[in-house]
1. Specify the inter-centroid distance of segment 114-167 and segment 200-239, based on alpha-carbon positions, in whole Å.
2. If r is the Cβ-Cβ distance from Thr24 to Gln131 and R0 is 22 Å, what FRET efficiency results, to the nearest 0.05?
3. Testing the spin-label approximation: label points 7 Å from Cα along Cα→Cβ at Arg59 and Thr291. State their distance in nm.
4. Taking the alpha-carbon centroid of each part, what is the distance from segment 78-92 to segment 289-343 in angstrom?
5. Which pairs break 28 Å Cα to Cα here: Lys157/Lys224; Lys262/Lys475; Lys169/Lys411?
6. Show Ser226, Ser102 ordered by accessible area, largest first, where the area counts protein heavy atoms only and the probe is 1.4 Å.
7. Which whole-number percent gives the relative contact order of segment 85-219, counting Cα pairs below 8 Å spaced six or more residues apart?
8. List the residues whose amide H sits under 5 Å from the amide H of Gly372, counting only those 5 or more places along or on another chain, with H placed 1.01 Å from N in the peptide plane.
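The values are calculated or read from the model by the stated rules, or taken from the named source; none is laboratory data. This is a predicted model, so every value here is computed, not measured. Here the Cβ positions follow ideal geometry from the backbone for every residue, glycine too, while neighbour counts run over all protein chains shown. When the accessible area is computed, the model is the full protein with side chains, heavy atoms only, and any ligands, DNA or RNA have been set aside. Shrake-Rupley method; radii C 1.70, N 1.55, O 1.52, S 1.80 Å.
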Amino acid sequence: MVAMDYEPDAAGQESYILCADCGTVISSANGAGLCVGCLRNTVDITEGIPKEAVLNFCRGCERFLSPPQTWVTAQPESRELLAICLKKISRPLMKVRLIDASFIWTEPHSRRIKIKVTIQKEVLANTVLQQTFELLLVVHTGQCPQCTRLAAKNTWKASVQVRQKVTHKRTFLWLEQLILKHNAHKDTININEKRDGLDFFYAERNNAIKMVEFLAGVVPVRTKASEQLISSDTHSNTSNYKFTYSVEIVPVCKDDLVCLPKNQAKAWGNISPLTICSRVGNTVHLLDPMTLQQTDVTAPVYWRQPFDSLATVTDLVEFIVLDVEPSGPVRGKYVLADAQVVRSLSSGNNSNMDEDGMGDDGIYHTRTHLGGILQPGDTVLGYHLTNSNFNNDAFESFNQDRIPDVILVKKTYPNRRKKSKPRNWKLRSIAKEAEDVNENSNTIGRGALGRKGGVDQRNVERDYELFLRDLEEDKEMRAAINLYKHDQQSKDENDEDGDVGMGDSNKKSGSGLKGGKKRNGTAAAAAAASGMQMDEDMDTGAGEDTDADDEDEEDFPEIDINELLEHFEEMDMEDGGEEVQ
(Lines give C-alpha, C1' and ligand atoms only; values in the text may rest on other atoms or scores of the structure.)
Protein backbone atom coordinates (compact mmCIF):
# COMPACT_ATOMS: atom_id res chain seq x y z
CA MET A 1 0.00 0.00 0.00
CA VAL A 2 1.42 3.39 -0.98
CA ALA A 3 1.38 6.20 1.65
CA MET A 4 0.13 9.56 0.39
CA ASP A 5 0.70 13.02 2.00
CA TYR A 6 -2.20 15.47 2.35
CA GLU A 7 -1.81 18.66 0.41
CA PRO A 8 -4.26 21.51 1.09
CA ASP A 9 -6.13 23.11 -1.74
CA ALA A 10 -4.16 25.85 -3.44
CA ALA A 11 -7.22 28.07 -3.38
CA GLY A 12 -6.99 28.29 0.41
CA GLN A 13 -3.39 29.54 0.39
CA GLU A 14 -2.36 33.26 0.06
CA SER A 15 -0.20 33.84 -2.96
CA TYR A 16 2.47 36.48 -3.29
CA ILE A 17 3.92 38.44 -6.17
CA LEU A 18 6.80 40.80 -6.64
CA CYS A 19 6.44 44.58 -6.87
CA ALA A 20 6.72 45.69 -10.47
CA ASP A 21 9.18 48.47 -9.62
CA CYS A 22 11.32 47.40 -6.69
CA GLY A 23 10.70 43.62 -6.53
CA THR A 24 9.41 43.61 -2.97
CA VAL A 25 7.20 40.65 -2.13
CA ILE A 26 3.60 41.82 -1.87
CA SER A 27 0.25 40.15 -1.69
CA SER A 28 -1.32 39.09 -4.96
CA ALA A 29 -4.52 40.80 -3.81
CA ASN A 30 -2.84 44.12 -4.53
CA GLY A 31 -4.53 45.14 -7.75
CA ALA A 32 -1.93 47.84 -8.49
CA GLY A 33 0.95 45.40 -8.47
CA LEU A 34 3.03 47.97 -6.52
CA CYS A 35 4.10 48.17 -2.92
CA VAL A 36 3.04 51.07 -0.74
CA GLY A 37 6.27 53.00 -1.20
CA CYS A 38 6.27 52.67 -4.96
CA LEU A 39 2.57 53.47 -5.10
CA ARG A 40 3.19 56.71 -3.22
CA ASN A 41 6.02 57.56 -5.58
CA THR A 42 3.78 56.90 -8.53
CA VAL A 43 0.51 58.48 -7.31
CA ASP A 44 0.37 61.66 -5.18
CA ILE A 45 -3.11 62.14 -3.67
CA THR A 46 -2.08 65.54 -2.31
CA GLU A 47 -1.68 66.88 -5.81
CA GLY A 48 -3.76 69.99 -6.27
CA ILE A 49 -3.90 70.74 -2.52
CA PRO A 50 -1.89 73.89 -1.69
CA LYS A 51 0.76 73.40 0.99
CA GLU A 52 0.99 77.09 1.83
CA ALA A 53 -1.68 79.71 2.48
CA VAL A 54 -2.14 83.16 3.98
CA LEU A 55 -4.12 83.82 7.17
CA ASN A 56 -5.36 87.38 7.74
CA PHE A 57 -5.22 88.71 11.31
CA CYS A 58 -6.51 92.05 12.62
CA ARG A 59 -4.06 93.49 15.09
CA GLY A 60 -6.61 95.95 16.48
CA CYS A 61 -9.37 93.58 17.60
CA GLU A 62 -7.25 90.37 17.44
CA ARG A 63 -9.60 88.50 15.12
CA PHE A 64 -8.96 86.18 12.17
CA LEU A 65 -10.65 86.38 8.80
CA SER A 66 -12.95 83.43 8.20
CA PRO A 67 -13.69 83.34 4.47
CA PRO A 68 -15.38 84.99 2.85
CA GLN A 69 -16.00 88.11 5.00
CA THR A 70 -16.44 87.05 8.61
CA TRP A 71 -13.98 88.04 11.33
CA VAL A 72 -13.84 85.56 14.20
CA THR A 73 -12.06 85.61 17.55
CA ALA A 74 -9.98 82.44 17.99
CA GLN A 75 -7.41 81.40 20.57
CA PRO A 76 -4.09 79.82 19.49
CA GLU A 77 -4.37 76.10 18.66
CA SER A 78 -8.12 76.18 19.23
CA ARG A 79 -10.75 74.30 17.28
CA GLU A 80 -12.06 77.57 15.87
CA LEU A 81 -8.61 78.49 14.51
CA LEU A 82 -8.19 74.99 13.04
CA ALA A 83 -11.50 75.34 11.23
CA ILE A 84 -10.46 78.71 9.80
CA CYS A 85 -7.16 77.25 8.57
CA LEU A 86 -8.81 74.26 6.87
CA LYS A 87 -11.21 76.62 5.08
CA LYS A 88 -8.21 77.88 3.16
CA ILE A 89 -8.00 74.48 1.40
CA SER A 90 -11.68 73.57 1.58
CA ARG A 91 -12.21 73.18 -2.18
CA PRO A 92 -9.32 70.71 -2.80
CA LEU A 93 -10.30 68.78 0.33
CA MET A 94 -13.68 68.03 -1.22
CA LYS A 95 -11.98 65.53 -3.56
CA VAL A 96 -10.38 63.51 -0.74
CA ARG A 97 -11.39 62.19 2.66
CA LEU A 98 -10.10 64.11 5.66
CA ILE A 99 -8.95 61.74 8.41
CA ASP A 100 -7.13 63.92 10.93
CA ALA A 101 -5.75 67.44 11.41
CA SER A 102 -3.61 68.76 14.26
CA PHE A 103 -1.32 71.68 15.04
CA ILE A 104 2.48 71.42 14.91
CA TRP A 105 4.19 73.64 17.47
CA THR A 106 5.86 76.78 16.12
CA GLU A 107 7.39 79.85 17.74
CA PRO A 108 4.64 82.37 18.59
CA HIS A 109 6.62 85.29 17.17
CA SER A 110 7.33 83.50 13.88
CA ARG A 111 3.90 84.35 12.44
CA ARG A 112 3.70 80.83 11.08
CA ILE A 113 1.07 78.18 11.75
CA LYS A 114 1.74 74.56 10.78
CA ILE A 115 -0.95 71.90 10.56
CA LYS A 116 -0.47 68.16 10.07
CA VAL A 117 -3.24 66.88 7.78
CA THR A 118 -4.03 63.19 7.08
CA ILE A 119 -6.19 62.31 4.06
CA GLN A 120 -7.35 59.21 2.17
CA LYS A 121 -8.26 58.62 -1.46
CA GLU A 122 -9.05 55.64 -3.65
CA VAL A 123 -6.41 55.57 -6.39
CA LEU A 124 -7.15 52.23 -8.14
CA ALA A 125 -9.83 49.60 -7.93
CA ASN A 126 -10.13 48.47 -4.30
CA THR A 127 -6.97 50.41 -3.45
CA VAL A 128 -7.20 53.23 -0.89
CA LEU A 129 -4.11 55.29 -0.18
CA GLN A 130 -3.58 57.32 3.01
CA GLN A 131 -1.10 60.16 3.09
CA THR A 132 0.00 62.88 5.53
CA PHE A 133 1.28 66.33 4.64
CA GLU A 134 2.01 69.67 6.35
CA LEU A 135 0.07 72.84 5.68
CA LEU A 136 1.96 76.08 6.36
CA LEU A 137 -0.03 79.26 6.92
CA VAL A 138 1.64 82.66 7.06
CA VAL A 139 -0.14 85.18 9.31
CA HIS A 140 -0.52 88.57 7.65
CA THR A 141 -1.52 91.40 9.97
CA GLY A 142 -3.89 94.11 8.87
CA GLN A 143 -7.16 95.81 9.82
CA CYS A 144 -10.70 94.57 9.69
CA PRO A 145 -13.37 96.94 8.27
CA GLN A 146 -14.51 97.94 11.77
CA CYS A 147 -10.99 98.89 12.85
CA THR A 148 -10.44 100.69 9.55
CA ARG A 149 -13.46 102.90 10.17
CA LEU A 150 -12.27 103.49 13.71
CA ALA A 151 -8.85 104.63 12.50
CA ALA A 152 -10.46 106.87 9.88
CA LYS A 153 -12.72 108.53 12.50
CA ASN A 154 -15.70 107.01 10.72
CA THR A 155 -16.52 104.79 13.65
CA TRP A 156 -20.21 104.09 13.26
CA LYS A 157 -22.67 103.17 10.58
CA ALA A 158 -25.90 103.27 12.61
CA SER A 159 -26.94 105.07 15.77
CA VAL A 160 -29.90 104.85 18.15
CA GLN A 161 -30.90 108.10 19.85
CA VAL A 162 -32.98 107.38 22.96
CA ARG A 163 -34.77 110.38 24.42
CA GLN A 164 -37.31 111.07 27.17
CA LYS A 165 -38.49 114.61 27.83
CA VAL A 166 -38.56 114.52 31.62
CA THR A 167 -36.55 116.25 34.33
CA HIS A 168 -34.94 113.14 35.82
CA LYS A 169 -32.79 110.18 34.76
CA ARG A 170 -34.51 107.34 36.61
CA THR A 171 -35.89 105.84 33.40
CA PHE A 172 -32.40 105.53 31.92
CA LEU A 173 -31.06 104.10 35.15
CA TRP A 174 -33.70 101.40 34.84
CA LEU A 175 -32.93 100.87 31.14
CA GLU A 176 -29.24 100.51 31.96
CA GLN A 177 -29.93 97.55 34.24
CA LEU A 178 -32.24 95.90 31.70
CA ILE A 179 -29.62 96.29 28.97
CA LEU A 180 -26.97 94.74 31.21
CA LYS A 181 -29.16 91.78 32.20
CA HIS A 182 -30.01 90.91 28.60
CA ASN A 183 -26.52 91.85 27.32
CA ALA A 184 -28.13 94.08 24.71
CA HIS A 185 -25.05 96.33 24.56
CA LYS A 186 -22.61 93.67 23.35
CA ASP A 187 -22.45 95.10 19.79
CA THR A 188 -22.30 98.75 20.88
CA ILE A 189 -19.08 100.52 19.94
CA ASN A 190 -19.78 103.77 21.81
CA ILE A 191 -22.34 105.35 24.15
CA ASN A 192 -22.68 109.11 24.55
CA GLU A 193 -24.74 110.87 27.18
CA LYS A 194 -26.88 113.73 25.94
CA ARG A 195 -29.15 116.21 27.65
CA ASP A 196 -32.37 114.21 27.43
CA GLY A 197 -31.04 110.70 26.93
CA LEU A 198 -28.36 108.49 25.43
CA ASP A 199 -26.89 107.80 21.99
CA PHE A 200 -25.86 104.23 21.09
CA PHE A 201 -23.51 103.74 18.13
CA TYR A 202 -23.10 100.55 16.09
CA ALA A 203 -20.86 99.34 13.30
CA GLU A 204 -23.70 97.51 11.54
CA ARG A 205 -27.27 98.54 10.83
CA ASN A 206 -28.82 95.25 11.97
CA ASN A 207 -27.29 95.71 15.45
CA ALA A 208 -29.04 99.07 15.78
CA ILE A 209 -32.32 97.51 14.69
CA LYS A 210 -31.92 94.87 17.40
CA MET A 211 -31.49 97.58 20.03
CA VAL A 212 -34.60 99.41 18.79
CA GLU A 213 -36.61 96.19 19.01
CA PHE A 214 -35.26 95.54 22.51
CA LEU A 215 -36.25 99.01 23.70
CA ALA A 216 -39.73 98.61 22.22
CA GLY A 217 -40.11 95.41 24.24
CA VAL A 218 -39.31 96.93 27.64
CA VAL A 219 -40.65 100.52 27.49
CA PRO A 220 -43.39 102.24 25.47
CA VAL A 221 -41.68 104.10 22.64
CA ARG A 222 -42.17 105.46 19.16
CA THR A 223 -39.46 105.16 16.54
CA LYS A 224 -38.44 107.22 13.55
CA ALA A 225 -35.71 106.20 11.10
CA SER A 226 -33.58 108.38 8.84
CA GLU A 227 -30.54 107.89 6.63
CA GLN A 228 -27.75 110.08 5.35
CA LEU A 229 -25.81 109.48 2.14
CA ILE A 230 -22.07 109.43 2.80
CA SER A 231 -20.69 108.39 -0.58
CA SER A 232 -21.80 106.68 -3.79
CA ASP A 233 -20.16 104.96 -6.75
CA THR A 234 -21.95 105.54 -10.04
CA HIS A 235 -19.94 102.84 -11.82
CA SER A 236 -20.88 99.98 -9.49
CA ASN A 237 -24.19 101.57 -8.39
CA THR A 238 -23.33 101.23 -4.71
CA SER A 239 -23.84 103.76 -1.94
CA ASN A 240 -22.66 104.22 1.63
CA TYR A 241 -25.24 105.39 4.17
CA LYS A 242 -25.37 106.25 7.84
CA PHE A 243 -28.60 105.29 9.59
CA THR A 244 -30.12 107.01 12.60
CA TYR A 245 -33.03 105.70 14.67
CA SER A 246 -34.80 108.13 16.98
CA VAL A 247 -36.51 106.43 19.93
CA GLU A 248 -38.74 108.59 22.12
CA ILE A 249 -39.92 107.14 25.42
CA VAL A 250 -43.33 108.02 26.80
CA PRO A 251 -42.85 110.99 29.22
CA VAL A 252 -44.96 109.35 31.94
CA CYS A 253 -43.08 107.66 34.76
CA LYS A 254 -43.87 105.52 37.75
CA ASP A 255 -45.77 107.29 40.59
CA ASP A 256 -46.69 110.25 38.37
CA LEU A 257 -50.12 111.86 38.73
CA VAL A 258 -52.06 111.85 35.46
CA CYS A 259 -55.29 113.64 34.52
CA LEU A 260 -56.88 112.19 31.39
CA PRO A 261 -59.33 114.00 29.13
CA LYS A 262 -62.89 112.85 29.71
CA ASN A 263 -63.33 111.23 26.31
CA GLN A 264 -60.12 109.25 26.70
CA ALA A 265 -61.08 108.09 30.19
CA LYS A 266 -64.44 106.85 28.92
CA ALA A 267 -62.84 105.06 25.97
CA TRP A 268 -60.31 103.34 28.25
CA GLY A 269 -62.79 101.41 30.38
CA ASN A 270 -64.66 104.43 31.82
CA ILE A 271 -61.89 104.96 34.35
CA SER A 272 -61.67 108.07 36.50
CA PRO A 273 -59.69 110.82 34.73
CA LEU A 274 -57.53 111.42 37.84
CA THR A 275 -55.16 108.43 38.09
CA ILE A 276 -51.62 107.57 39.09
CA CYS A 277 -49.08 105.62 37.06
CA SER A 278 -48.52 102.42 39.03
CA ARG A 279 -45.99 100.82 36.70
CA VAL A 280 -44.32 101.30 33.31
CA GLY A 281 -43.37 98.28 31.24
CA ASN A 282 -43.94 97.99 27.53
CA THR A 283 -47.28 99.61 28.41
CA VAL A 284 -48.26 102.36 30.86
CA HIS A 285 -50.33 101.01 33.78
CA LEU A 286 -52.75 103.60 35.20
CA LEU A 287 -54.51 103.06 38.52
CA ASP A 288 -57.46 104.86 40.04
CA PRO A 289 -56.59 104.96 43.79
CA MET A 290 -60.23 105.65 44.70
CA THR A 291 -61.73 102.53 43.07
CA LEU A 292 -58.68 100.30 42.27
CA GLN A 293 -59.71 100.33 38.61
CA GLN A 294 -56.78 99.83 36.25
CA THR A 295 -56.12 100.33 32.57
CA ASP A 296 -53.13 99.63 30.33
CA VAL A 297 -52.11 102.16 27.69
CA THR A 298 -49.98 100.77 24.86
CA ALA A 299 -47.48 102.90 22.96
CA PRO A 300 -49.55 103.22 19.73
CA VAL A 301 -52.65 104.21 21.72
CA TYR A 302 -50.69 106.77 23.74
CA TRP A 303 -49.08 108.46 20.77
CA ARG A 304 -52.44 108.80 19.01
CA GLN A 305 -53.70 110.86 21.95
CA PRO A 306 -50.66 111.84 24.07
CA PHE A 307 -50.99 113.31 27.53
CA ASP A 308 -48.51 114.66 30.08
CA SER A 309 -48.10 114.09 33.78
CA LEU A 310 -49.99 116.44 36.03
CA ALA A 311 -47.39 116.09 38.81
CA THR A 312 -44.19 114.09 39.27
CA VAL A 313 -42.36 112.55 42.21
CA THR A 314 -40.60 115.86 42.90
CA ASP A 315 -44.00 117.24 43.94
CA LEU A 316 -44.67 114.55 46.53
CA VAL A 317 -45.35 115.70 50.10
CA GLU A 318 -44.84 113.72 53.30
CA PHE A 319 -47.88 112.87 55.38
CA ILE A 320 -48.34 111.12 58.73
CA VAL A 321 -51.02 108.42 58.85
CA LEU A 322 -53.38 108.94 61.79
CA ASP A 323 -55.83 106.17 61.04
CA VAL A 324 -56.48 103.67 58.27
CA GLU A 325 -59.48 101.40 57.82
CA PRO A 326 -59.81 98.88 54.94
CA SER A 327 -63.08 99.32 53.08
CA GLY A 328 -63.27 95.89 51.45
CA PRO A 329 -62.25 95.79 47.76
CA VAL A 330 -58.94 94.04 47.09
CA ARG A 331 -57.19 93.73 43.74
CA GLY A 332 -53.84 91.96 43.80
CA LYS A 333 -51.48 93.75 46.16
CA TYR A 334 -53.76 96.78 46.37
CA VAL A 335 -56.29 97.08 49.22
CA LEU A 336 -58.78 99.93 49.16
CA ALA A 337 -58.92 101.76 52.49
CA ASP A 338 -60.08 105.01 54.08
CA ALA A 339 -57.23 106.96 55.67
CA GLN A 340 -56.78 110.05 57.79
CA VAL A 341 -53.49 111.87 57.28
CA VAL A 342 -51.85 115.10 58.29
CA ARG A 343 -48.85 116.87 56.80
CA SER A 344 -45.56 116.21 58.55
CA LEU A 345 -43.12 118.87 59.68
CA SER A 346 -40.64 117.95 56.94
CA SER A 347 -43.15 118.33 54.10
CA GLY A 348 -42.06 121.83 53.20
CA ASN A 349 -42.11 125.46 54.33
CA ASN A 350 -45.00 125.52 56.77
CA SER A 351 -44.92 128.26 59.38
CA ASN A 352 -47.77 126.86 61.49
CA MET A 353 -46.41 123.76 63.18
CA ASP A 354 -47.00 122.42 66.63
CA GLU A 355 -44.46 120.83 68.93
CA ASP A 356 -45.26 117.30 67.73
CA GLY A 357 -44.26 118.13 64.16
CA MET A 358 -47.81 118.16 62.81
CA GLY A 359 -49.33 121.01 60.87
CA ASP A 360 -52.41 122.91 61.93
CA ASP A 361 -53.81 122.97 58.39
CA GLY A 362 -56.17 120.15 59.31
CA ILE A 363 -56.65 116.42 59.02
CA TYR A 364 -57.33 115.11 55.56
CA HIS A 365 -59.65 112.20 54.79
CA THR A 366 -58.90 110.26 51.63
CA ARG A 367 -59.18 106.89 50.01
CA THR A 368 -56.03 105.02 49.13
CA HIS A 369 -54.91 101.81 47.46
CA LEU A 370 -52.23 101.25 50.12
CA GLY A 371 -54.53 99.78 52.77
CA GLY A 372 -52.54 96.55 52.89
CA ILE A 373 -49.27 98.18 54.03
CA LEU A 374 -50.23 101.34 55.92
CA GLN A 375 -50.51 101.48 59.70
CA PRO A 376 -51.22 104.42 62.03
CA GLY A 377 -48.02 106.38 62.56
CA ASP A 378 -46.49 105.50 59.19
CA THR A 379 -45.06 108.13 56.87
CA VAL A 380 -46.48 108.20 53.38
CA LEU A 381 -45.80 110.29 50.28
CA GLY A 382 -48.67 111.80 48.33
CA TYR A 383 -49.87 114.70 46.23
CA HIS A 384 -51.48 117.57 48.12
CA LEU A 385 -54.05 118.81 45.62
CA THR A 386 -55.69 121.35 47.93
CA ASN A 387 -52.78 123.77 47.79
CA SER A 388 -51.72 122.91 44.24
CA ASN A 389 -52.25 124.91 41.08
CA PHE A 390 -52.02 123.08 37.76
CA ASN A 391 -52.05 124.57 34.30
CA ASN A 392 -53.86 121.68 32.64
CA ASP A 393 -57.01 121.82 30.53
CA ALA A 394 -58.13 118.31 31.48
CA PHE A 395 -57.75 119.08 35.18
CA GLU A 396 -59.66 122.35 34.89
CA SER A 397 -62.55 120.62 33.10
CA PHE A 398 -62.69 117.90 35.77
CA ASN A 399 -65.50 118.13 38.32
CA GLN A 400 -63.97 120.02 41.25
CA ASP A 401 -66.23 118.25 43.75
CA ARG A 402 -64.66 114.91 42.83
CA ILE A 403 -61.07 116.08 43.35
CA PRO A 404 -59.70 114.68 46.64
CA ASP A 405 -57.60 116.77 48.97
CA VAL A 406 -54.78 114.23 49.05
CA ILE A 407 -53.77 111.31 46.82
CA LEU A 408 -51.40 108.93 48.57
CA VAL A 409 -48.81 107.24 46.36
CA LYS A 410 -46.32 105.19 48.36
CA LYS A 411 -45.02 104.52 51.82
CA THR A 412 -41.68 105.90 52.91
CA TYR A 413 -39.27 105.13 55.75
CA PRO A 414 -37.67 108.38 57.02
CA ASN A 415 -36.34 106.96 60.31
CA ARG A 416 -34.48 104.11 58.62
CA ARG A 417 -33.15 106.45 55.93
CA LYS A 418 -31.37 108.46 58.62
CA LYS A 419 -29.17 105.53 59.52
CA SER A 420 -25.77 105.11 57.90
CA LYS A 421 -26.20 101.39 57.39
CA PRO A 422 -24.74 100.47 53.99
CA ARG A 423 -26.60 98.35 51.48
CA ASN A 424 -25.44 94.77 51.05
CA TRP A 425 -25.94 94.81 47.28
CA LYS A 426 -24.66 96.63 44.24
CA LEU A 427 -25.49 97.08 40.57
CA ARG A 428 -23.58 96.62 37.37
CA SER A 429 -23.07 99.72 35.24
CA ILE A 430 -21.96 100.68 31.75
CA ALA A 431 -19.20 103.27 31.35
CA LYS A 432 -20.56 106.16 29.32
CA GLU A 433 -18.99 109.20 27.80
CA ALA A 434 -20.76 112.21 29.26
CA GLU A 435 -20.87 115.35 27.15
CA ASP A 436 -20.45 118.36 29.41
CA VAL A 437 -22.35 121.22 27.81
CA ASN A 438 -20.84 123.78 30.18
CA GLU A 439 -17.28 123.04 29.19
CA ASN A 440 -15.52 122.49 25.90
CA SER A 441 -14.15 119.12 26.95
CA ASN A 442 -15.70 115.71 27.30
CA THR A 443 -15.56 113.96 30.64
CA ILE A 444 -15.83 110.24 31.19
CA GLY A 445 -18.67 109.24 33.50
CA ARG A 446 -18.35 105.83 35.12
CA GLY A 447 -21.27 104.43 37.00
CA ALA A 448 -24.85 105.46 36.46
CA LEU A 449 -25.15 108.20 33.86
CA GLY A 450 -22.16 110.30 34.69
CA ARG A 451 -22.16 109.89 38.47
CA LYS A 452 -18.45 110.79 38.41
CA GLY A 453 -17.83 114.08 36.66
CA GLY A 454 -20.69 113.68 34.22
CA VAL A 455 -23.54 115.92 33.21
CA ASP A 456 -25.60 117.42 36.04
CA GLN A 457 -24.02 115.22 38.69
CA ARG A 458 -25.97 116.63 41.63
CA ASN A 459 -29.38 115.83 40.13
CA VAL A 460 -28.21 112.42 38.96
CA GLU A 461 -27.10 111.58 42.49
CA ARG A 462 -30.58 112.41 43.71
CA ASP A 463 -32.25 110.38 40.95
CA TYR A 464 -29.92 107.46 41.56
CA GLU A 465 -30.73 107.32 45.26
CA LEU A 466 -34.46 107.41 44.50
CA PHE A 467 -33.97 104.65 41.95
CA LEU A 468 -32.25 102.46 44.54
CA ARG A 469 -35.10 102.98 46.98
CA ASP A 470 -37.61 102.03 44.32
CA LEU A 471 -35.68 98.78 43.89
CA GLU A 472 -35.77 98.13 47.63
CA GLU A 473 -39.48 98.76 47.90
CA ASP A 474 -40.65 97.07 44.68
CA LYS A 475 -40.07 93.34 44.40
CA GLU A 476 -41.32 93.23 40.82
CA MET A 477 -38.65 95.73 39.76
CA ARG A 478 -35.91 93.70 41.43
CA ALA A 479 -37.06 90.53 39.68
CA ALA A 480 -36.48 92.15 36.28
CA ILE A 481 -32.80 93.04 36.85
CA ASN A 482 -29.67 91.54 38.40
CA LEU A 483 -28.47 92.50 41.88
CA TYR A 484 -25.04 91.45 43.10
CA LYS A 485 -23.55 90.87 46.51
CA HIS A 486 -21.58 93.81 47.80
CA ASP A 487 -18.24 93.27 49.51
CA GLN A 488 -18.45 95.32 52.69
CA GLN A 489 -14.66 95.57 52.88
CA SER A 490 -14.55 97.53 49.65
CA LYS A 491 -14.47 101.28 50.30
CA ASP A 492 -14.55 102.38 46.68
CA GLU A 493 -17.96 102.68 45.12
CA ASN A 494 -16.66 102.16 41.59
CA ASP A 495 -14.11 99.38 41.36
CA GLU A 496 -12.06 98.39 38.35
CA ASP A 497 -14.80 96.17 36.93
CA GLY A 498 -17.27 99.02 36.65
CA ASP A 499 -19.30 97.95 39.69
CA VAL A 500 -21.29 100.63 41.47
CA GLY A 501 -21.31 100.18 45.22
CA MET A 502 -24.57 100.79 46.99
CA GLY A 503 -23.26 101.60 50.42
CA ASP A 504 -20.65 103.85 51.99
CA SER A 505 -19.98 104.27 55.67
CA ASN A 506 -19.30 107.97 55.16
CA LYS A 507 -22.54 108.70 53.28
CA LYS A 508 -26.08 108.55 54.54
CA SER A 509 -29.32 108.16 52.68
CA GLY A 510 -32.36 110.33 53.29
CA SER A 511 -35.87 110.45 51.91
CA GLY A 512 -34.77 111.94 48.59
CA LEU A 513 -37.40 114.70 48.84
CA LYS A 514 -37.92 118.00 50.57
CA GLY A 515 -37.58 117.32 54.26
CA GLY A 516 -36.14 113.84 54.30
CA LYS A 517 -34.90 114.99 57.74
CA LYS A 518 -35.83 117.81 60.05
CA ARG A 519 -34.51 121.29 59.27
CA ASN A 520 -34.99 124.03 61.78
CA GLY A 521 -34.81 127.79 61.55
CA THR A 522 -33.16 129.51 58.60
CA ALA A 523 -31.87 126.28 57.11
CA ALA A 524 -35.40 125.01 56.45
CA ALA A 525 -36.49 128.35 55.01
CA ALA A 526 -33.44 128.51 52.73
CA ALA A 527 -34.00 124.99 51.48
CA ALA A 528 -37.66 125.65 50.73
CA ALA A 529 -36.97 129.01 49.11
CA SER A 530 -34.32 127.59 46.78
CA GLY A 531 -36.60 124.75 45.73
CA MET A 532 -33.94 122.16 46.40
CA GLN A 533 -34.86 118.68 45.21
CA MET A 534 -31.63 117.11 46.37
CA ASP A 535 -31.56 114.53 49.12
CA GLU A 536 -31.13 116.22 52.48
CA ASP A 537 -28.65 113.63 53.61
CA MET A 538 -26.47 114.25 50.55
CA ASP A 539 -26.40 117.95 51.41
CA THR A 540 -23.66 118.93 53.84
CA GLY A 541 -25.45 122.11 54.98
CA ALA A 542 -25.91 122.90 58.65
CA GLY A 543 -29.08 122.48 60.59
CA GLU A 544 -29.63 118.69 60.45
CA ASP A 545 -31.23 117.28 63.53
CA THR A 546 -30.56 113.54 63.59
CA ASP A 547 -31.84 111.40 66.40
CA ALA A 548 -29.80 108.28 67.03
CA ASP A 549 -32.56 106.86 69.18
CA ASP A 550 -35.17 106.77 66.39
CA GLU A 551 -36.73 103.39 66.06
CA ASP A 552 -36.41 101.51 62.79
CA GLU A 553 -39.56 100.65 60.88
CA GLU A 554 -40.37 97.00 61.32
CA ASP A 555 -41.60 96.61 57.74
CA PHE A 556 -38.59 98.29 56.11
CA PRO A 557 -37.99 96.42 52.83
CA GLU A 558 -34.85 94.36 53.23
CA ILE A 559 -33.49 92.53 50.18
CA ASP A 560 -33.06 88.82 50.79
CA ILE A 561 -29.53 87.50 50.29
CA ASN A 562 -30.98 84.79 48.06
CA GLU A 563 -31.95 87.45 45.52
CA LEU A 564 -28.32 88.52 45.07
CA LEU A 565 -25.93 87.00 42.56
CA GLU A 566 -22.28 86.27 43.09
CA HIS A 567 -19.45 88.43 41.81
CA PHE A 568 -19.01 88.92 38.08
CA GLU A 569 -15.75 87.01 37.59
CA GLU A 570 -17.29 83.92 39.12
CA MET A 571 -20.13 84.14 36.61
CA ASP A 572 -17.78 84.73 33.65
CA MET A 573 -19.46 88.01 32.82
CA GLU A 574 -16.30 90.00 32.30
CA ASP A 575 -16.94 90.58 28.60
CA GLY A 576 -20.39 91.98 29.27
CA GLY A 577 -19.05 94.65 31.62
CA GLU A 578 -16.14 96.05 29.67
CA GLU A 579 -16.00 99.76 29.14
CA VAL A 580 -17.32 100.92 25.79
CA GLN A 581 -14.78 103.18 24.22
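1. 26
2. Computed FRET efficiency for Thr24 and Gln131 comes out at 0.70.
3. 7.2
4. Measuring centre to centre over Cα atoms gives 63 Å.
5. Numbers: Lys157/Lys224 17 Å; Lys262/Lys475 33 Å; Lys169/Lys411 22 Å.
In this structure, Lys262/Lys475 exceed 28 Å between Cα atoms.
6. Ser226, Ser102
7. Computed value for segment 85-219: 17 percent relative contact order.
8. So Gly372 has HN proximity to Val335.
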